[in-house]
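Presented below is the structure to which this report refers.
The values are calculated or read from the model by the stated rules, or taken from the named source; none is laboratory data. Keep in mind that this is a model prediction, so the values were computed, not measured. Here Cβ is always computed from backbone atoms with ideal geometry, including for glycine, and neighbour counts include all displayed protein chains. The area values use the complete protein model at the heavy-atom level, side chains included, leaving out ligands, DNA and RNA. Shrake-Rupley method; radii C 1.70, N 1.55, O 1.52, S 1.80 Å.
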Amino acid sequence: QLVYPYDFRLTEKEKTSICYLSFPDSYSGGLGDTQFSFRLRQSGGQRTTHYEDDGEYNREAPLTLQRESAHYFGYVYFRQVKDSSMKRGYFQKSLVLVSRLPYVNLFQSLLQLIAPEYFDKLEPCLEAVCNEIDQWPPPVPGQTLNLPVMGVVIQVRIPSRVDKPGSSPVKQFNQENLLPAPLVLPSIHELDLFSRCFQPVLIHIQMLWELMLLGEPIVVMAPSPTVSSEMVLALTSCLAPLRYCCDYRPYFTIHDSEFKEYTTRTQAPPNIVVGVTNPFFIKTLQHWPHILRVGELRMSGDLPKQVKVKKLAKLKTLDTKPGIYTSYKTFLHKDKTLIKRLLKGIQRKRPSEVQSALLRRHLLELTQSFIIPLEHYIASLMPLQRAITPWKNPPQIRPFRQEDFMKTLEHAGPQLTCVLKGDWLGLYRRFFRSPNFDGWYRQRHKEMTQKLEALHLEAICEANIVAWMKDKSEVEIVDLVLKLREKLVRARCQHLPVKEETLQRVGLYIETIIGSLPEDLQTVLHHH
């Protein structure tokens, strides 16, 4: 019905997809308001964003919270109430917030404030809200923002890449006598893992973590878009601080343009986690290797019935019972102590956020135990600092050899930091074939290459340029000027980790060298 701000351009394909994704696609008898989220592939080429500082934000934000370049997130507030004046006897409407940022808590809290007003007052309400949001500062990692909207101030901290993993966000920020007292969000993106997402699958958390680590194709079949989207987002977040590099769809409908791509049986299912609610998918996605079927959320005081692992052949249509339908055998053994602690927590009525923190901590330690040996090994591939000399191109980073890495595991493997027994070597071998390894390696290689460039610039700065020039021909000197200039441009464009004074000194060097050349050459180089 309405897109606000008006100048926001969506392609017809995107509009259609957003419309289908904004409503529950299975019969939901439930009346009232529900919230859920989706993720949508952008169609029709790159569009320039309002934010020219994408690069800066993405460099400082945690990898898991970067602004997406090829996808949009949709955050939905759906209302369904009886209304005899409507043709179908119901009022059904969704307000959707579209963003490239995965700030699920912030945007869903925002919708809780805006949507009820919007359904009541319609367009003038959106206009007022958008005027307020236009005044919000851009998200800067590490900063706490006060965001005024509709007479409320939402206060939230934007996480930064330098935060210590697993450190809990500061409970109370400086209140600065804000009146009314702000609505403080403890996290911009973290879900209630324990009571809202993983409760029915706690005893299989190990298996789900492995499937996510390996980038396996998973279908989450849920009774509602809320359960489906929260479960998919919880799964993709359980590898932090490692980035989940595969595609994921928190909620997916049969009208989606990728429907054929995902349901075809002529090729293996893609590396993707997809959340669905329409029972039709039980039939069309039967050939997928891992299907997690979950029931309605029950916020009861005791541990909900834990789903069982079942053979895929048992996947009956329509009346399928909750369970994990897979033939996957885990590489690592279960962590019985974690399960016991969480069960004890349930008996003692421990608050859900404490249980979630325990769970998140466990997943974080597991991921770190797995990733630390890889970090150690890749760091050893960096050339020695003394091999970096000013007048030669910096040496190459040595290649990653899987067998060499495997040899390091004997004395420096995950067993140093993790009590879990099992086939860690097998898990690494399988991980090397996954998109998550590829994504991790590319990211690290890029960072190391930039570090090398920076060290090389510093070496040039320390060098005695005049001594070097003594016995060089004009051709060699001009060649050096051109190379140094190219390095400076690259350092600025790629925001290499170099001190500003180093860059300025290299600039001065270039001027000094040019100044020592004959005038005709000086003129050419200045024009160059």
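Need the failing condition index for ARG350 against (1) open to solvent by 20 Å² or more (accessible area, probe 1.4 Å); (2) assigned to a helix (DSSP H, G or I); (3) within 30 Å of HIS189 (Cα to Cα), just the number.
(2)
Whether any residue in region 321-337 is of a type in the set (A, V, I, L, M, F, W, C), at pLDDT below 85 and crowded, with 17+ Cβ neighbours inside 10 Å is what I want to check.
no
Of everything in region 35-62, what is open to solvent by 60 Å² or more (accessible area, probe 1.4 Å), more than 23 Å from ARG157 (Cα to Cα) and either of a type in the set (Asp, Glu) or at pLDDT 75 or above (or both)? Give them in sequence order.
ARG41, the sole residue that qualifies.
Could you tell me which residue of region 208-262 is farthest from PRO322 (Cα to Cα), considering only residues that are among the small types (Gly, Ala, Ser) and open to solvent by less than 20 Å² (accessible area, probe 1.4 Å)?
GLY215
Before we move on, is THR264 closer than 24 Å to ASN278 by Cα and without any contact (Cβ under 8 Å) to a residue 60 or more places away in the chain? Quick ask: steps written out before the conclusion?
Values: closer than 24 Å to ASN278 by Cα: yes; without any contact (Cβ under 8 Å) to a residue 60 or more places away in the chain: yes.
So THR264 fits the description; yes.
Could you tell me whether region 76-85 includes any residue that is over 22 Å from GLU127 (Cβ atoms), open to solvent by 30 Å² or more (accessible area, probe 1.4 Å) and in contact (Cβ under 8 Å) with a residue 40 or more places away in the chain?
Within region 76-85, one or more residues are over 22 Å from GLU127 (Cβ atoms), open to solvent by 30 Å² or more (accessible area, probe 1.4 Å) and in contact (Cβ under 8 Å) with a residue 40 or more places away in the chain.
Looking at region 368-385, I want the residues that are within 17 Å of THR417 (Cβ to Cβ) and have a partner that is open to solvent by less than 50 Å² (accessible area, probe 1.4 Å) and of a type in the set (S, T, N, Q) with Cβ atoms under 9 Å, at least 6 apart or on another chain. Which pairs are those?
That search, which allows pairs on different chains as well, returns PRO373/THR408; HIS376/THR408; TYR377/THR408.
Out of all the residues in region 367-383, which are in a helix (DSSP H, G or I) and in contact with a Pro (Cβ under 9 Å, 6 or more places away or on another chain)?
Within region 367-383, the subset in a helix (DSSP H, G or I) is 367-379.
Once the filter is applied, which keeps residues that are in a helix (DSSP H, G or I) and in contact with a Pro (Cβ under 9 Å, 6 or more places away or on another chain), region 367-383 yields THR367, GLN368, SER369, PHE370, ILE371, ILE372, PRO373.
With respect to the numbered conditions (1) over 18 Å from THR226 (Cα atoms); (2) touching a residue at least 12 places away in the same chain (Cβ under 8 Å); (3) in contact with a strand residue (DSSP E or B) (Cβ under 9 Å, 6 or more places away or on another chain); (4) open to solvent by less than 60 Å² (accessible area, probe 1.4 Å), which one is the sole condition not fulfilled by GLY89?
Tallying (1) over 18 Å from THR226 (Cα atoms); (2) touching a residue at least 12 places away in the same chain (Cβ under 8 Å); (3) in contact with a strand residue (DSSP E or B) (Cβ under 9 Å, 6 or more places away or on another chain); (4) open to solvent by less than 60 Å² (accessible area, probe 1.4 Å), GLY89 fails exactly one: (2).
Can you give me the ranges of the helices (runs of 4 or more DSSP H) entirely in region 423-510 with at least 3 residues that are in contact (Cβ under 8 Å) with a residue 40 or more places away in the chain, open to solvent by 40 Å² or more (accessible area, probe 1.4 Å) and among the charged types (D, E, K, R)? Break it down stepwise before answering.
On the way: elements: 424-431, 435-462, 465-469, 474-493.
Output list reads 435-462.
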